[in-house]
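Working notes, structure below.
The values are calculated or read from the model by the stated rules, or taken from the named source; none is laboratory data. Source: prediction; values computed, not measured. Positions of Cβ are backbone-derived with ideal geometry, glycine not excepted, and every protein chain shown enters the neighbour counts. Only protein heavy atoms, including side chains, enter the accessible area calculation; ligands, DNA and RNA are left aside. Shrake-Rupley method; radii C 1.70, N 1.55, O 1.52, S 1.80 Å.
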Amino acid sequence: MQGRILIVEDEPAMLRGLKDTFASQGCVVLTATDGEAGMNLALSSEPDLILLDIMLPRVNGYEICRAVRERGLDTPIIMLTAKGQEEDVVLGLNLGADDYVAKPFRIRELVARVNAFLRRRQSGQESVTRFGEFELDAPAHKLFRNGREVELTAKEFRLLAYFASRPGRALTRDDILNAVWGHSVMVTPRSIDRCVTTLRAKIEPDPHEPTYIQTVRDIGYRFEP
Ligand code: CA
């Protein structure tokens, strides 16, 4: 198993067990024992996956989920939750977590799930979308024009990757909001329009007559490769 895993867990024995398990599987393991350190690592260390306890000192797991998605990062997040707390799970999923395991869990089951996420992420690394003189490398989070990288913000990249995965389809602002911004309550449709404007400035031959990211009146946008 290859990948960088961030484990955020304040219970020492649990943390040690998880760390040893994933290190022995060949992963690079980063750890944090409180929510603040976990938040910083989640946002700065580019892990391939996050194992996230919910009840944490300083900053809870929900806030970390929310912050990761608001930053436009699509890092898979598996929550480690207490048993019988479905409401917590739903809240976490709504905030952008991908999956959860309830404590006490079987380590084999968790390893299998982590492995599946990492494999999907790596198999996705072959997928490159081409349009015009551009090449979008989704897993690497890079866009190239004639082989030269075009600098995009994380949000612009996520938005473009979302468009590129749905070519030729009219996408509502709600669809785009949910897919690109997650379930954050902090954004409005105006946020999409602003991001589209800056993205167009970077990729459209003429941003005033866009050919790739077309406006669908009263609905949203359509990506035409
Ligand atoms: Ca805890």
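Select from segment 14-48 the residues that are among the acidic types (Asp, Glu) and either crowded, with 17+ Cβ neighbours inside 10 Å or within 13 Å of the ligand (Cβ to nearest atom) (or both) and write down the one among them that is nearest to Met1 (Cα to Cα). Full working, then the answer.
To start, the set of residues in segment 14-48 that are among the acidic types (Asp, Glu) comprises 20, 34, 36, 46, 48.
Now restrict to residues that are either crowded, with 17+ Cβ neighbours inside 10 Å or within 13 Å of the ligand (Cβ to nearest atom) (or both): 34, 48.
On the way: Asp34: 26, Asp48: 12 Å.
Here the answer is Asp48.
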Residues in segment 152-182 that are surrounded by fewer than 18 Cβ atoms within 10 Å (Cβ to Cβ) and acidic (Asp, Glu): how many?
2
Qualifying helices (runs of 4 or more DSSP H) (wholly inside segment 147-218; at least 3 residues being closer than 24 Å to Leu43 by Cβ):
154-165, 189-203
For residues that are over 18 Å from Gly61 (Cβ atoms) and not in a loop (DSSP other than H, G, I, E, B), scanning just segment 1-13, find the one that is least open to solvent (accessible area, probe 1.4 Å).
Ala13
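Within segment 96-119, does at least one residue satisfy the condition of being on the phi > 0 side of the Ramachandran plot and open to solvent by 70 Å² or more (accessible area, probe 1.4 Å)? Don't jump to the end; show me each part of the working.
First pass over segment 96-119, keeping only residues on the phi > 0 side of the Ramachandran plot: 96.
Subset that is open to solvent by 70 Å² or more (accessible area, probe 1.4 Å): none.
For segment 96-119, residues on the phi > 0 side of the Ramachandran plot and open to solvent by 70 Å² or more (accessible area, probe 1.4 Å): absent.
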Among the residues that make up segment 65-75, is at least one of them within 16 Å of the ligand (Cβ to nearest atom) and within 21 Å of the chain's Cα centre (by Cα)?
yes
Identify the residue in segment 49-72 that is open to solvent by less than 20 Å² (accessible area, probe 1.4 Å) and among the small types (Gly, Ala, Ser) and, among all such residues, is modelled with the lowest pLDDT.
Gly72
Please verify whether segment 140-151 includes one or more residues that are modelled with pLDDT under 90 and either under 20 Å from the mean Cα position of the chain (by Cα) or open to solvent by less than 50 Å² (accessible area, probe 1.4 Å) (or both).
yes
